Amino acid sequence: MSQKKETDVVLSQEEVSQLQHLLEHYHDIATQLHTTSDQHQAETVVNEINALSQPVQMALLKALSTEHNTDAADTLVAMNVLSQNKEVRKEARRCLIRLESAKVFPQWAPPLAPTPVAQANSAHPPRFWKGVVTQSREEGEVQLVLAWEQGYDYGDVRMMVFLLDFWKDGIKEAIIEIISKRQAERRIEDMRSKLVDLVVTSCTLAEGKRLLEEAYSVNQWRATTPHKEYRDRLPLINQLILQASDLGEDHALTFIRPELEDEKVVMNFLGAWSLGDYGLAYDLLAQQSNLREGLERDEWIELRRTWANEAHPARIELGFVRQSEHNKSTLWLPTPLLSGHPSSKQIEAGWSLELIETPLSGTVREMPLGTAVNKETGRHWFWTSYTLMRENEEWRIQAVTDEGAHIQGLSVTELQQRIQQYEEAVEMLVKEHEANIEEAMEHLFWRLTQLLHYYNALIAHLPLDYKVAVDAYTRALVIGNPELTMVYVERLATRFAERRGEMLRGLGATLTTLAYKYDTQFMQLRHKQILARAEATLRESIVAENSAMGHILLAELLIDQNRNDEAEAEMLLAKEALPNVEEEAAIEAGLGNIAMRRELMAKAITHYQRVTELSPHYAGSWFHLGFAHQLLGHFAEAEAAYQRAIIEEPYDVGSYSQLISIHMKERHFSKARESAEHGVRNNPDSADLHAVLASVLFEMGERRDAEREIAQAEQLNAELEIVKSVREYINRSSSSKR
């Protein structure tokens, strides 16, 4: 039989009294520890405990491990470090770990004197062991791990893991724990293996401290709170990191992913700069870049934070980022810097950003001139080019050229020549890809975007030239950006009275589209404001010109807001305004939608039937007609309407789905399968239709084929509700039959 441990010895009555006394006064002991400034003073405070027998001390430790407060943890720290009894020190360490598992941490750090050589066999103070960090600084976030070896024979590791966000949240997460050295090595290895897309590299304590301090400065600037565990363990973090004396060397590493591609450097610079991560923006500049303005990193960052506090930059949108065409086309705008040698490149970017105009913009050298501004949202559009050079085998930005400002300085003749060149290039591009224009969309987009910068400059020279303004508006419509389109149509509506009604309708429609761009959880106020302005603008357009289209657009906006009575009144007014065939079809469709909302299916069918007569090749009208019939149980009529919708639009997934639903309801499985297979052939990338086909096949008993189809659906979009539903049904039905 094993010998009974000393810690299990029954205490005498006197020892019980000693234990009770200490438990009643350990808060006082912790308070005294907080006032100590050297090791001798701390030892004096715990002399009362050290004078007791080992059984009493062990009992005290166990009792303190159940007291979930920092005074108990501080007392355990003192006993772990200052006790003369090795077993007591070891038990104190175990009790500390128990408290830490309950999220109770010490606030006091012992003021230890340097450990003499003679004490080599006693408890060792922690010493920095290793640090690792993800080379992901360009993403605005890094994971940082700092570890200290400690304990007897340095067998334990205190590991601090931080998730640092340099955009908003600063010290986003913190985990601090004591584990074995083997566990620590396994954790770091797991980190390397799991983060397969990131490089995990070593860092010194000095570099870790720098990253931590920079993240905390984000908390201070953004008025956000560091993670709770960081706040709770701040005394320990101060002792081991922020106020540590032996930090090692800081090699000034940026921890940006090595070999970042040239275009990605520019994209990350713009993203960091617009999101307020000015530390990353600075690090992406070449060491001798004039954009650094001879400022130290902290000074450069502070200047831009001061600007951002007034300008409030937000919601950057990248239009294009691409290598410049210099030496390949006359369309390239020469810059003062040459980049013809292999160690440099010229990258141009079209981008936009919401911001407030402020005099401080003149103090920020890389701030370009906006060639177009949306007064409603504050969005500015820019065209800039960047000269990149190789520095330590990595691409870094040497200089920036404001192409938009350069264009503004061109004469009317020069602008007209450039516009003509671009127009011809766009026309040729469309002609070359006439059979499949989608192949050229990216090229066409950046050509048109650059073209609009020239139009912006020409409009500044010729503000009353109607044709220039209309041409710019039509090019913006092709790009399909409502926020940019609004800039041009608003100018037309306010400056040219001869087509005011038409342009106000265009502005109202554009505002409506833009409003729903912001129909999100975080942009509800803007959504409502723009929607209100859209309604006011459409009403103003009707006053300027009582057209059917004005009433239709207003009615559609009201329908979207479920204001059905008002919408119906507008549709009826549109009928009185002599609509053309296309407008009459839109009126009937709108009245049909209102009838559907009121659950007046027969009335809806009358309206939708009229739409199909006026616009027989519009698949949507046949779908709505089929759906109304389906709700009334007119399955033959619904089937015919869906079949016609599919003829007009073979890629309409909704018509296939509803048609298959009718076949399945009537238990016409062969028809359902035929329709589903036809839909999948026409829409091979539709997860919906693969899932529907899987359900049909499963009902027909063809389980192997059903499994193949649902697997294909999951490969396309496993998160789609119908895909998950069909998978669950197949699994449940299969298991119940086993």
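The values are calculated or read from the model by the stated rules, or taken from the named source; none is laboratory data. Note that the coordinates shown come from a computational prediction; the quantities given were computed from them, not determined experimentally. Here Cβ is always computed from backbone atoms with ideal geometry, including for glycine, and neighbour counts include all displayed protein chains.
So is residue 215 within 30 Å of residue 315 (Cα to Cα), aliphatic (A, V, I, L, M) and part of a helix (DSSP H, G or I) or not? Criteria met by residue 215.
For segment 470-494, a tally of residues being among the small types (Gly, Ala, Ser), within 27 Å of residue 442 (Cβ to Cβ) and either in a helix (DSSP H, G or I) or touching a residue at least 24 places away in the same chain (Cβ under 8 Å) (or both) returns 2.
Okay, residues lined up against (1) free of Cβ contacts under 8 Å to residues at least 40 places away in the same chain; (2) over 25 Å from residue 721 (Cα atoms); (3) of a type in the set (Lys, Arg):
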| residue | (1), (2), (3) |
| --- | --- |
| 615 | yes, yes, no |
| 653 | yes, no, no |
| 667 | yes, no, yes |
| 697 | yes, no, no |
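Determine, yes or no, whether residue 410 is at pLDDT 90 or above, in a loop (DSSP other than H, G, I, E, B) and either touching a helix residue (DSSP H, G or I) at 6+ places or on another chain (Cβ under 6 Å) or surrounded by 14 or more Cβ atoms within 10 Å (Cβ to Cβ) (or both). Against the criterion (at pLDDT 90 or above, in a loop (DSSP other than H, G, I, E, B) and either touching a helix residue (DSSP H, G or I) at 6+ places or on another chain (Cβ under 6 Å) or surrounded by 14 or more Cβ atoms within 10 Å (Cβ to Cβ) (or both)), residue 410 qualifies.
In summary, residue 252 fulfils each of the numbered conditions (1) without any contact (Cβ under 8 Å) to a residue 12 or more places away in the chain; (2) assigned by TED's automatic domain parsing to the domain that holds residue 362; (3) under 30 Å from residue 196 (Cβ atoms) with the single exception of condition (2).
Could you tell me whether segment 450-459 includes any residue that is within 28 Å of the chain's Cα centre (by Cα), surrounded by 15 or more Cβ atoms within 10 Å (Cβ to Cβ), more than 24 Å from residue 590 (Cα to Cα) and not basic (Lys, Arg)? Looking for residues that are within 28 Å of the chain's Cα centre (by Cα), surrounded by 15 or more Cβ atoms within 10 Å (Cβ to Cβ), more than 24 Å from residue 590 (Cα to Cα) and not basic (Lys, Arg), one finds at least one in segment 450-459, hence yes. Restricting segment 182-207 to residues that are hydrophobic (A, V, I, L, M, F, W, C) and assigned to a loop (DSSP other than H, G, I, E, B), the residue that is farthest from residue 130 (Cα to Cα) is 196. When segment 54-100 is limited to residues that are out of contact with any helix residue (DSSP H, G or I) (no Cβ under 6 Å at 6 or more places or on another chain) and hydroxyl-bearing (Ser, Thr, Tyr), the one that is modelled with the lowest pLDDT turns out to be 70. When you scan segment 553-578, how many residues do you find that are within 23 Å of residue 497 (Cβ to Cβ) and buried (at least 22 other Cβ atoms within 10 Å of the Cβ)? Summing the residues that are within 23 Å of residue 497 (Cβ to Cβ) and buried (at least 22 other Cβ atoms within 10 Å of the Cβ) in segment 553-578 gives 2.
Conditions tested, residue by residue: (1) touching a residue at least 12 places away in the same chain (Cβ under 8 Å); (2) farther than 17 Å from residue 674 by Cα; (3) outside any loop (DSSP other than H, G, I, E, B); (4) not assigned by TED's automatic domain parsing to the domain that holds residue 673.
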site: 685; (1), (2), (3), (4): yes, yes, no, no
site: 688; (1), (2), (3), (4): yes, no, yes, no
site: 693; (1), (2), (3), (4): yes, no, yes, no
site: 701; (1), (2), (3), (4): no, no, no, no
site: 706; (1), (2), (3), (4): yes, no, yes, no
site: 709; (1), (2), (3), (4): yes, no, yes, no
site: 714; (1), (2), (3), (4): yes, yes, yes, no
site: 727; (1), (2), (3), (4): yes, yes, yes, no
site: 730; (1), (2), (3), (4): yes, yes, yes, no
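A count restricted to segment 255-267 and to residues that are buried (at least 17 other Cβ atoms within 10 Å of the Cβ) and part of a loop (DSSP other than H, G, I, E, B) stands at 4.
Go through (1) assigned to a helix (DSSP H, G or I); (2) free of Cβ contacts under 8 Å to residues at least 12 places away in the same chain one by one and return the number of the condition residue 71 breaks. So the condition that residue 71 fails would be (2). Condition (residue is among the small types (Gly, Ala, Ser), surrounded by 19 or more Cβ atoms within 10 Å (Cβ to Cβ) and either in contact with a Cys (Cβ under 9 Å, 6 or more places away or on another chain) or in the same structural domain as residue 230 (by TED's automatic domain parsing) (or both)) applied to segment 186-199: is it met by at least one residue? The answer is no; no qualifying residue exists.
Here residue 466 fulfils each of the conditions (1) in contact with a Phe, Trp or Tyr (Cβ under 7 Å, 6 or more places away or on another chain); (2) surrounded by 16 or more Cβ atoms within 10 Å (Cβ to Cβ) apart from (2).
Condition check: in contact with a Lys or Arg (Cβ under 9 Å, 6 or more places away or on another chain) and outside any helix (DSSP H, G or I). Does residue 562 satisfy that?
Numbers: in contact with a Lys or Arg (Cβ under 9 Å, 6 or more places away or on another chain): yes; outside any helix (DSSP H, G or I): yes.
Answer is yes for this residue.
Restrict the check to segment 36-43 and report whether at least one residue is in a helix (DSSP H, G or I), within 24 Å of residue 235 (Cβ to Cβ), touching a residue at least 12 places away in the same chain (Cβ under 8 Å) and acidic (Asp, Glu). Yes; the residues of segment 36-43 include at least one that is in a helix (DSSP H, G or I), within 24 Å of residue 235 (Cβ to Cβ), touching a residue at least 12 places away in the same chain (Cβ under 8 Å) and acidic (Asp, Glu).
The single condition among (1) surrounded by fewer than 19 Cβ atoms within 10 Å (Cβ to Cβ); (2) among the polar types (S, T, N, Q); (3) within 32 Å of the chain's Cα centre (by Cα) that residue 546 does not satisfy is (3). All but one of (1) outside any helix (DSSP H, G or I); (2) at pLDDT 95 or above; (3) of a type in the set (A, V, I, L, M) hold for residue 574; which doesn't? Against the list (1) outside any helix (DSSP H, G or I); (2) at pLDDT 95 or above; (3) of a type in the set (A, V, I, L, M), residue 574 comes up short only on (1). Of all residues in segment 626-666, those being more than 40 Å from the chain's Cα centre (by Cα) and among the aliphatic types (A, V, I, L, M) number 10.
A single member of 28, 74 is closer than 30 Å to residue 228 by Cβ and surrounded by 15 or more Cβ atoms within 10 Å (Cβ to Cβ), and it is 74.
Would you confirm whether or not segment 144-152 contains a residue that is outside the structural domain of residue 298 (by TED's automatic domain parsing), within 21 Å of residue 279 (Cα to Cα) and either out of contact with any Asp or Glu (no Cβ under 7 Å at 6 or more places or on another chain) or surrounded by fewer than 19 Cβ atoms within 10 Å (Cβ to Cβ) (or both)? There is at least one residue in segment 144-152 that is outside the structural domain of residue 298 (by TED's automatic domain parsing), within 21 Å of residue 279 (Cα to Cα) and either out of contact with any Asp or Glu (no Cβ under 7 Å at 6 or more places or on another chain) or surrounded by fewer than 19 Cβ atoms within 10 Å (Cβ to Cβ) (or both). For segment 334-358, filtered to residues that are crowded, with 18+ Cβ neighbours inside 10 Å and in a loop (DSSP other than H, G, I, E, B), the residue that is modelled with the highest pLDDT is 355.
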